[in-house]
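Below is one structure; the comments refer to it alone.
Any read-out appearing in this document is the output of simple, stated calculations on the displayed coordinates, not a laboratory observation. Keep in mind the model is a prediction, meaning the values are calculated, not measured. So basically every Cβ, Gly included, is an ideal-geometry build from the backbone, and we count neighbours across all protein chains shown.
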Amino acid sequence: MSKSKILKPGERYTFSQYFDMSYAVEDILADLDCTIARSPLNLPKAEPDVIQHSYEFLQQYLERNLKFVNPVTEISRREVLIAPTLMEVCATVQATLNIEYSLTVSDWLR
């Protein structure tokens, strides 16, 4: 007996809709004929004093701005919390962040 499909043919899905699904990642990926392999990350490192300075700056920035905004939606959280955090991490480790623009891979990934 074959397992029922999670993704419906002809249905369109955005990236964020996959996170709203109540299925295991492996099951969703199986519908896309993909698999997942988990492995340790080898991330860039920065000097301890640079990390401490960045941490303190980011903590002050977030604490100050959260007094004026209540990020409820995905977009507001991304703009108020996530983007500044990612930019500070990039500055600390001198890494480039490639920000993706809207693209359509297929109806199952928009």
| message | So if the hydrodynamic radius of the chain is defined as the Kirkwood radius over C-alpha pairs, what does Stokes-Einstein give as its diffusion coefficient at 4 °C and 1.567 mPa s, in µm² per second? | response | 74
| Per-residue ellipticity at 222 nm for the chain, helices alone: DSSP H runs ≥ 4 residues times -39500 (n - 2.57), over residue total, nearest 500 deg cm²/dmol? | -12000 deg cm²/dmol
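Please report Lys5, Lys67 as a ranked list, fewest other C-beta atoms within 10 angstrom at the top and most at the bottom.
Fewest to most other Cβ atoms nearby, the residues stand as Lys67, Lys5.
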| remark: For Gln59 and Asp27, extending 7 Å from Cα along the Cα-Cβ vector and measuring point to point gives, in nm, a value of 4.1
| note | The helix 83-93 Cα axis meets the longest alpha-carbon principal axis of the chain at an angle in degrees, between 0 and 90 and rounded to 10, of 70
| For the chain, what's the relative contact order in percent, using C-alpha pairs closer than 8 Å and at least 6 residues apart? | 43
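Dividing the Cα convex hull volume of region 48-93 by residue count, how many Å³ per residue is that?
Residue-normalised Cα hull volume stands at 55 Å³.
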| Helix 48-65 sits at what angle to the longest principal axis of the chain, using alpha carbons and giving 0 to 90 degrees rounded to 10? | 80
